[in-house]
Amino acid sequence: MGQLLDDASVAERVLQHIDNGTTDLSETSWLEPVENYRSRDRFQAELELLRRLPVPFCPSASLPDAGCYVARTAAGTPIVVVRDETGTVRGFRNACRHRGMQVAQGSGCARFFTCSYHGWTYRLDGGLHHIPHQEGFPGLDANDHSLVPVTVTERHGLVFVTQDEPVNSGALNGLDGIAPIIDTSQRVFAASESESDVNWKLNLESNLEGYHIRTTHPESFYPYGYDNLNVVETFGNNARVTFPFRRIEKLRDTPPGKRDVSGKLTYVYHLFPNVIIAVLSSHTAMSISEPVSPTQTRFVSYRLTNAASEDSVIDLERAKRDAEFVASGSAQEDAVAVSAIQQGLGSGANDHFTFGKFEKAIVHFHQCLTDSLQRL
Ligand code: FES
Ligand SMILES: [Fe+2]
C-alpha cells in the first residue's frame, strides 16, 4: 500500500472539492521568520544539510549509456556522476587529484575523464589510469589518487547524491511503496541552467500551492484550472500537490475505476529539499534549485517526454509545445512574483511570513527543514 492516492482516488477527491467549494488543508499554519531567507548563518546550515542528504542530482534518463556523465556544482561542491560499464551510476567530487582542476564539464559520454590541465586520466570507476611523464612523481601511489567518491543511489528514475555523512534519509524516506516518479521509457529532450537573484526557497514555494492561481495567473492558468483547489499529499519529507484542470469534470460520468486523469491534472512533486518534478500534460519538468548565496539560485532544469507512446516523434513535438507554453506563461508570472518577494524581504514590513492552511505542502516543507536542520 503506497503513501500516495491512486489516480482514480485523486480525481474523486478533486470532484468532491469542486462540489463542496473546498480544498485540502494543513492541520496547522506556519510562521517562518523572514530572517531565514536572508541570514548567512542559516544559509550555511542549509548548504550543510544539502550535502548531508540524498538529494536528486539528475534524472536517470540523462545517463542513458555506459560512460554518460553529468557534471555540475551541487550545494557548492563540484560533482560528477557517471554510468559505468556495468550500468551502475557512480559519483565523485569533480576535482583532479593532482591540483584540483575539474575533470569533467557539463554533460556527455566518455570512456575516461582526462583532466584538461596536465592530462591525468581517470577510469569511470574513478581509478587513476594515467599520469603523463610519471617519472616526475617518484613514489606516488596511483591507488591513493583515485577520484574521491560520493554516495550515489539510483531510484524512481532519479540519481541521488549524498556528499557527506547523512543526517537522515531525506527524500528517499518517502519513496517506498510509491510508483516510480520518472518511468524508464521517458527521455530527456532539453536540459538547461539559469540563475536568478532570489533565495532558493522562494521559487520552490511558488510551485507548492494553488492559492495564488486566480490572482497571479488570471489568463494563463486560471481559465483552464481552479483557484485554491488542490489535493495535497505528503510522503516522508516530500509532497505531491495536484493541480486539476477544469476538463477533469468530464470524468464525472466515467466510473471511478475507469477514469484516465492524463491531461486532466498536473502532479507537482516536491522532493525534499530542493527539487520539483511537475508531470504536465505532454511532458515532465524537473527543476533543481541550487543555492548559490542567500540571494542567488541556479535553476537546473530537465525536460522529459512523458511515458512513451508508439509514435515518439509526435510525442516529442507535443512535449516541446507543452514546455514552451508553460515557460512563456505561468512560469514567467511566478518568476515575477518571486523576484518581487525577494525585494520585499528587506523591506522591514515582515518579521515572519504566515503560511496558511491552504499552503499545506509549504508548511510541511518548513516543518521538515526546521527538523532536519536541528539534527545537524
Ligand atoms: S590538475 Fe589535473 S592534471 Fe594537473
Ligand atoms: Fe504559479
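The values are calculated or read from the model by the stated rules, or taken from the named source; none is laboratory data. Please read these numbers as outputs of a predicted model, since none were measured by experiment. With ideal geometry, Cβ positions are generated from the backbone for all residues, glycine too; neighbour counts draw on all protein chains shown.
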**Report entry** Residue in segment 270-281 that is more than 22 Å from PRO54 (Cα to Cα), out of contact with any strand residue (DSSP E or B) (no Cβ under 8 Å at 6 or more places or on another chain) and not in a helix (DSSP H, G or I) present
**Finding:** no
**Report entry** Which numbered condition GLU193 fails, given (1) over 19 Å from the mean Cα position of the chain (by Cα); (2) in a strand (DSSP E or B)
**Finding:** (1)
Report task. Could you please find all residues in segment 119-136 being within 12 Å of ligand 1 (Cβ to nearest atom), surrounded by 13 or more Cβ atoms within 10 Å (Cβ to Cβ) and part of a loop (DSSP other than H, G, I, E, B)? Result -> GLY119, TRP120, ILE131
Report task. Can you tell me which residue among GLY210, GLY263 is out of contact with any Cys (no Cβ under 9 Å at 6 or more places or on another chain), assigned by TED's automatic domain parsing to the domain that holds PHE299, away from ligand 1 (no atom under 16 Å from the Cβ) and on the phi > 0 side of the Ramachandran plot? Result -> GLY263
Query - Positions within segment 53-73 being farther than 20 Å from ILE182 by Cα and surrounded by fewer than 24 Cβ atoms within 10 Å (Cβ to Cβ), in sequence order - result: GLY67, ALA71, ARG72, THR73
Report task. Can you run down the residue pairs with Cβ atoms below 9 Å, 6 or more apart or on separate chains, where the first is in segment 325-351 and in contact (Cβ under 8 Å) with a residue 60 or more places away in the chain and the partner is within 12 Å of ligand 2 (Cβ to nearest atom) and among the β-branched types (Val, Ile, Thr)? Result -> SER330/ILE213; SER330/THR216; GLU333/THR216; ASP334/THR216; ALA337/THR216
Report summary line: Within segment 119-161, the residues that are of a type in the set (Val, Ile, Thr) and out of contact with any helix residue (DSSP H, G or I) (no Cβ under 7 Å at 6 or more places or on another chain) are THR121, ILE131, VAL148, VAL150, THR151, VAL152, VAL161
Query raised in the report: Across segment 11-43, which residue is farthest from ASP227 (Cα to Cα) among those that are assigned to a helix (DSSP H, G or I) and polar (S, T, N, Q)?
Result: ASN36
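For segment 357-373, indicate whether the set of residues that are part of a loop (DSSP other than H, G, I, E, B) and at pLDDT 95 or above is non-empty.
For segment 357-373, residues part of a loop (DSSP other than H, G, I, E, B) and at pLDDT 95 or above: absent.
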Query raised in the report: When you go through SER107, SER116 one by one, which is the residue that is more than 13 Å from ligand 1 (Cβ to nearest atom) and hydroxyl-bearing (Ser, Thr, Tyr)?
Result: SER107
Report summary line: Within segment 203-248, of all residues that are aromatic (Phe, Trp, Tyr) and not in a strand (DSSP E or B), the one nearest to ligand 2 (Cβ to nearest atom) is PHE221
